[in-house]
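Written below as structure tokens is the structure these notes are about.
The values are calculated or read from the model by the stated rules, or taken from the named source; none is laboratory data. Model, not experiment: these values are computed from the prediction. Because the Cβ atoms are built from the backbone with ideal geometry, glycine has one as well, and the counts that use them run over all protein chains shown.
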Amino acid sequence: MFGIPRLEYADFLLEKGFKDIVIGYDPELVEGLRDKGFNVHIVIGAFRIDNEFREPRFLAEDPYGRKHVWFGSGCPNNPDIRRRTLRQVSEILEKHDVSSILLDGIRFASMGSGLEAFATCFCENCRNKADKYGYRFEEMKQSVKKMLNAFYDFKQAWEVLQAYRYSQVGFLDLVKEGSGLLDWLGFREHSVEEFIVEVRNTIKSYSGKTRLGAYVFTPSLAFLVGQNYRKFWRHLDFVKPMVYRRGRGVACLNFELAKIAEDLLHWNSWLPESELIDVLYRVFGFRGEEYPLSTKRLFEDCLPISLIKIEFQAAKRLLAGRSELHPIIMLDDPQIEQAVKIAMETGLDGIDFFSFREEEKNRISKISEVIGK
């Protein structure tokens, strides 16, 4: 279970069969839950910016030199931000015996933060890191700038997609023209993996028992933000895909797709909205059922429940049993019981629920019954 309203609800969770709980760092709550018999997992925002990090130099930078905040985070390659996160891990392990550290936001910006924020990062820290890794920084930068310009004026790209009947082949035809785009995605992946290793090494210097996990994007979106399931098993004990088919924030499948459409329509008012959204479904491999075809509905409605099974199965295949797979789903999903049944049928190692609020007690009771059958 992710979160708990107050410690007094601990007995309710235990009664319903929950012994693992994820919380943000709160020393008193950690010890209170441990005393109750819980396995306590602490979630940390990997690249969060607050307090002393409220300066432009900590932010992610697009090819035009504009700074962006995404998911309350800055540049994943900023050494000061990285050191702060490693200090947080050390401070927790010095004081508490916790079951695991879970990284959140262990990625670069997604399209759900806006297409301009997605087109990052090209700051000096990233330039230096790219040189160290052997990437051609200027080529990546120019390719991403070309991609961003294509978003601003989508006519040529739309004509190509039309010529290919809006298939994934048309998308690939467009991508190959930006020779540095694949390197840019690879650079993001390399940067994320490097920091995961740093966190793991810090944990191991304190404890041989504390494990490392991460909340990551669902497989259909992960490759865009620097997350590679095929490499996770080397460093992560738990992989927790955020399989959210409805929500008003980044990582939610409906929200990510809606934000892409919203930005493209803002810059290209001539685009036919329903056709554009249908193309996005095709590009990301979602088809065969009725999907919302307006940004308003896409922001507000659930995507089909079948998507949960598709994403569960994809994550399972990519990990191939080499890390524990614990997808996290929305506790307020209107078909939560069916979603739990799908998870159980898929043969996952576990499932997380986001998040425990007082009004969700009845849902928790229902899923407890489903799991217990």
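For segment 92-142, enumerate the residues that are among the hydroxyl-bearing types (Ser, Thr, Tyr) and under 16 Å from residue 226 (Cβ atoms). Spell out how you get there, then give the answer.
Just the residues of segment 92-142 that are among the hydroxyl-bearing types (Ser, Thr, Tyr), to begin with: 99-100, 110, 113, 120, 133, 135.
Residues satisfying the conditions are 110, 113, 120, 133, 135.
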Are any of the residues in segment 91-98 basic (Lys, Arg) and surrounded by fewer than 22 Cβ atoms within 10 Å (Cβ to Cβ)?
-> yes
Hey, can you tell me all the residues within segment 24-38 that are loosely packed, with under 14 Cβ neighbours inside 10 Å, of a type outside the set (D, E, K, R) and under 22 Å from residue 214 (Cβ atoms)?
-> 24
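Considering 67, 95, 36, which residue is at pLDDT 95 or above and within 20 Å of residue 360 (Cβ to Cβ)?
36
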Output for Cβ contacts, cut-off 6 Å, separation at least six or different chains, first residue under 10 Å from residue 307 (Cβ atoms) in segment 277-291, second part of a helix (DSSP H, G or I) and of a type in the set (Phe, Trp, Tyr), reads 291/281
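Of the residues 244, 206, only one is on the phi < 0 side of the Ramachandran plot and in contact with a strand residue (DSSP E or B) (Cβ under 7 Å, 6 or more places away or on another chain); which? Break it down into steps so the answer makes sense when it comes.
On the way: 206 fails: in contact with a strand residue (DSSP E or B) (Cβ under 7 Å, 6 or more places away or on another chain).
The match here is 244.
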Only one of (1) modelled with pLDDT of 95 or more; (2) crowded, with 21+ Cβ neighbours inside 10 Å is not met by residue 180, so which one is it?
-> (1)
Within segment 39-57, which residues are buried (at least 17 other Cβ atoms within 10 Å of the Cβ) and out of contact with any strand residue (DSSP E or B) (no Cβ under 9 Å at 6 or more places or on another chain)?
-> 53
Kindly state which helices (runs of 4 or more DSSP H) lie completely within segment 153-244 and contain at least 3 residues that are touching a residue at least 12 places away in the same chain (Cβ under 8 Å) and more than 29 Å from residue 138 (Cα to Cα).
-> 181-206
Only listed residue being under 18 Å from the mean Cα position of the chain (by Cα) and either more than 14 Å from residue 180 (Cβ to Cβ) or modelled with pLDDT of 95 or more (or both), chosen from 118, 137, 154 | 118
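Inside segment 325-373, can you point out the residues that are of a type in the set (A, V, I, L, M, F, W, C), within 14 Å of residue 22 (Cβ to Cβ) and not in a loop (DSSP other than H, G, I, E, B)?
Step one: list which residues in segment 325-373 are of a type in the set (A, V, I, L, M, F, W, C), which gives 325, 328-331, 336, 339-340, 342-344, 348, 351, 353-354, 356, 364, 367, 370-371.
Still in the list and also within 14 Å of residue 22 (Cβ to Cβ): 328-329, 331, 351, 353-354, 356.
Across segment 325-373, the qualifying residues are 328, 329, 353, 354.
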Identity of the residue in segment 202-241, in contact with a Pro (Cβ under 8 Å, 6 or more places away or on another chain) and not aromatic (Phe, Trp, Tyr), that ends up surrounded by the most Cβ atoms within 10 Å (Cβ to Cβ) = 241
Is there a residue in segment 265-274 that is crowded, with 20+ Cβ neighbours inside 10 Å and in contact (Cβ under 8 Å) with a residue 12 or more places away in the chain?
-> no
Give the residues of segment 143-171 that are under 15 Å from residue 276 (Cβ atoms) and of a type in the set (Lys, Arg), sorted by residue number.
-> 155, 165
Could you check residue 281 against (1) within 22 Å of the chain's Cα centre (by Cα); (2) at pLDDT below 95; (3) surrounded by fewer than 17 Cβ atoms within 10 Å (Cβ to Cβ) and say which number it fails?
-> (3)
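Condition first: assigned to a loop (DSSP other than H, G, I, E, B) and either crowded, with 22+ Cβ neighbours inside 10 Å or touching a Ser or Thr at 6+ places or on another chain (Cβ under 6 Å) (or both). Can you find one or more residues in segment 137-149 that meet it?
Within segment 137-149, the subset assigned to a loop (DSSP other than H, G, I, E, B) is none.
No: segment 137-149 contains no residue that is assigned to a loop (DSSP other than H, G, I, E, B) and either crowded, with 22+ Cβ neighbours inside 10 Å or touching a Ser or Thr at 6+ places or on another chain (Cβ under 6 Å) (or both).
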